[in-house]
Amino acid sequence: MTAANKQASRYDPAFANELYAIENGEYMKQCMQCGLCVVTCPARHLMDLQPRKYFKAIQAGDRDQVLKANTPWLCTSCNLCTVRCPRGIPIIDVMHGMKLYLAQKQGIKVAPGALFSKTFFDVMLKRGRQWEAWLTQMYYLKAGPGAIKDAMKMIDVAQAMVFKKRLPLAPAKTIKGKSQLKKIYEKAAALAKEGH
Amino acid sequence: MGYIFYPGCASEATGKASFISFEAVVKALGMDVHDEIPDWNCCGASLVANAVGDLAQQAIAARNLALAEKAGKDVIVACSSCYLNLSWTNEKMKIDPKFHSQINEALGAGGLSYSAGLQVRHLIDVLINEVGLDKVRERTIKPLEGLKVACYSGCQTVRAIRRPDFDDVEFPVMLDRLVEALGATAVPFPMAARCCGGAQQFTNPELIYDLTGKVLDSAAENGADVIVTPCPMCALNTDAFQDKIAKLKKKKYNMPVLFVTQLMGVAFDLKPKDLAFPYNIVSPYKKLAKWVKK
């Protein structure tokens, strides 16, 4: 394969189309590369592809770049890019769609944020409400031995929170409508799948 | 018509002080807020959509709206993340017929429905636009004269849906007006609607240290005695992580972080238990010694 061919094969329009078809994916067509999201994003300095380049890579069908970028996992949901985008792209919603796609495509260990979000959801759906102390334990348990070092770094914060009763160790309340909630979720998830 | 309260999961843990002081302030002002939404569930925060997508999260959030509609009351929310999810789902149902029918199809699986006829209002919005600052001034027994406050609205509070009648999406001022009505001084605070890093404490802690550090720096540089916020996530990051960030940056902040209803409770001279100070990690007693005895 010549160098030119190799370069050409890096960009796959079918991959771009695959991403346009995910939930909120269609909005990614609207990006005009103005870069306002980049100067807006509070997490840009930690991103390997800042939002403008991320959208360009998607539009270009640059599979390798898109799949390895940490961009969506650093989104804090602050919504500033969404209110500023001159093309009206709900960037926060696009990032939700990308994170779901990446976790489905590459597995839950694709990024700590994928595992944390999934664990949060599992605890919430089972109980109807969140229970932070349990969520934290479940997350580190699933994250495996490598995460223990990270967990240890948070001991001081956790201790202060437990001491001030802001991280109750006793189970939080559960709701009566747990099975109702599960049915609503399952129906909505099925509808989302149908629509995309 | 009155309001029905959506407390949110933080009200039972990290934001317990918000819950306690909210209930006390509502009573002190005689606000028409009655009961919690019966059997309310988690709104999904800023995490569930990552795991299941927007439609599924919004259907989960909409269960609360359907339950509120049964009670026939508009919804009042104190937590910014809950406000984002509930108000945006509500708004989207009003403007997007396809979304409206999809949500109702999902709710139907649980025997519920929602016509999208309710309003979802943030506590600050209701305090400013319904209760009114005159009433707040009138109820203030101990004006907080001399107290300098950094008013940290938080990002999701003002950016959930664009409501010019509520506040500006980038440079909010409503919290400043509220704090001034209590007799305190709102210091200039350019970080008022900037992100604290949100819920990434475990997944990208360096982001929290950086962004929350900038918020604390800005409050300190502008001479604030305390930070005031309605948002449990802003409060958690600026309060619980303050000591850690101070050590990392080799600084000393000593910056108590209060929920806005806690500060209102001080000015309204409410009982110590209503102020819920024991939940604060950085103790507010010293900075508020003029108005509160420990």
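The values are calculated or read from the model by the stated rules, or taken from the named source; none is laboratory data. None of these values were measured; they are calculated from a predicted model. Glycine also receives a Cβ, built like all others from the backbone with ideal geometry; neighbour counts cover every protein chain displayed.
Numbers below:
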| quantity | calculated |
| --- | --- |
| Segment B:57-81, subset within 10 Å of chain A (Cβ to nearest Cβ) and touching a Lys or Arg at 6+ places or on another chain (Cβ under 9 Å), residue surrounded by the most Cβ atoms within 10 Å (Cβ to Cβ) | B:59 |
| Check on residue A:135, over 26 Å from residue B:106 (Cα atoms), assigned to a helix (DSSP H, G or I), out of contact with any Lys or Arg (no Cβ under 8 Å at 6 or more places or on another chain) and more than 8 Å from chain B (Cβ to nearest Cβ) | yes |
| Qualifying residue in segment B:97-104 (condition: of a type in the set (Lys, Arg) and in contact (Cβ under 8 Å) with a residue 24 or more places away in the chain) | no |
| Among the residues listed as A:172, A:143, A:188, the single one being among the hydrophobic types (A, V, I, L, M, F, W, C), under 20 Å from the mean Cα position of the chain (by Cα) and facing chain B (nearest Cβ under 7 Å) | A:188 |
| Test: residue in segment B:67-89 that is in contact with a Leu (Cβ under 8 Å, 6 or more places away or on another chain), at pLDDT 95 or above and in a loop (DSSP other than H, G, I, E, B) | yes |
| Extreme residue, farthest from the other protein chains (Cβ to nearest Cβ), among residues of segment B:5-38 that are without any contact (Cβ under 8 Å) to a residue 24 or more places away in the chain and not in a helix (DSSP H, G or I) | B:30 |
| Those residues of segment A:57-78 which are in contact with a strand residue (DSSP E or B) (Cβ under 8 Å, 6 or more places away or on another chain) and either hydroxyl-bearing (Ser, Thr, Tyr) or surrounded by fewer than 20 Cβ atoms within 10 Å (Cβ to Cβ) (or both), in sequence order | A:60, A:61 |
| Residues (at the interface with another protein chain (Cβ under 10 Å from one of its Cβ atoms) and assigned to a helix (DSSP H, G or I)) located in segment A:41-78 | A:45, A:46, A:72, A:73, A:74 |
| Pairs with Cβ under 8 Å, 6+ apart, first in segment B:199-210 and facing another protein chain (nearest Cβ under 7 Å) and of a type in the set (Phe, Trp, Tyr), second surrounded by fewer than 21 Cβ atoms within 10 Å (Cβ to Cβ) and not in a helix (DSSP H, G or I) | B:202/A:154 |
| Selected residue (criterion: nearest to residue A:94 (Cα to Cα)) from residues of segment B:39-55 that are in a helix (DSSP H, G or I) and in contact (Cβ under 8 Å) with a residue 12 or more places away in the chain | B:55 |
| Flag for residue B:213 being assigned to a loop (DSSP other than H, G, I, E, B), surrounded by fewer than 24 Cβ atoms within 10 Å (Cβ to Cβ) and away from chain A (no Cβ under 11 Å) | no |
| Within segment A:30-52, considering residues that are among the charged types (D, E, K, R) and more than 17 Å from residue A:90 (Cα to Cα), the one surrounded by the most Cβ atoms within 10 Å (Cβ to Cβ) | A:44 |
| Candidates B:246, B:289, B:220 - the one that is more than 14 Å from chain A (Cβ to nearest Cβ), surrounded by fewer than 19 Cβ atoms within 10 Å (Cβ to Cβ), among the hydrophobic types (A, V, I, L, M, F, W, C) and assigned to a helix (DSSP H, G or I) | B:220 |
| Failed criterion for residue B:181 (all others in (1) without any contact (Cβ under 8 Å) to a residue 60 or more places away in the chain; (2) surrounded by 21 or more Cβ atoms within 10 Å (Cβ to Cβ); (3) within 11 Å of another protein chain (Cβ to nearest Cβ) hold) | (3) |
| Which listed residue is within 22 Å of the chain's Cα centre (by Cα) and among the charged types (D, E, K, R), from A:122, A:156 | A:122 |
| Within segment A:79-124, considering residues that are within 10 Å of chain B (Cβ to nearest Cβ) and outside any helix (DSSP H, G or I), the one surrounded by the fewest Cβ atoms within 10 Å (Cβ to Cβ) | A:90 |
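This table checks each residue for (1) under 20 Å from the mean Cα position of the chain (by Cα); (2) modelled with pLDDT of 95 or more; (3) under 23 Å from residue B:14 (Cβ atoms); (4) among the aliphatic types (A, V, I, L, M).
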position	(1), (2), (3), (4)
B:170	yes, no, no, no
B:180	yes, yes, no, no
B:184	yes, yes, no, yes
B:233	yes, yes, yes, yes
B:261	yes, yes, yes, no
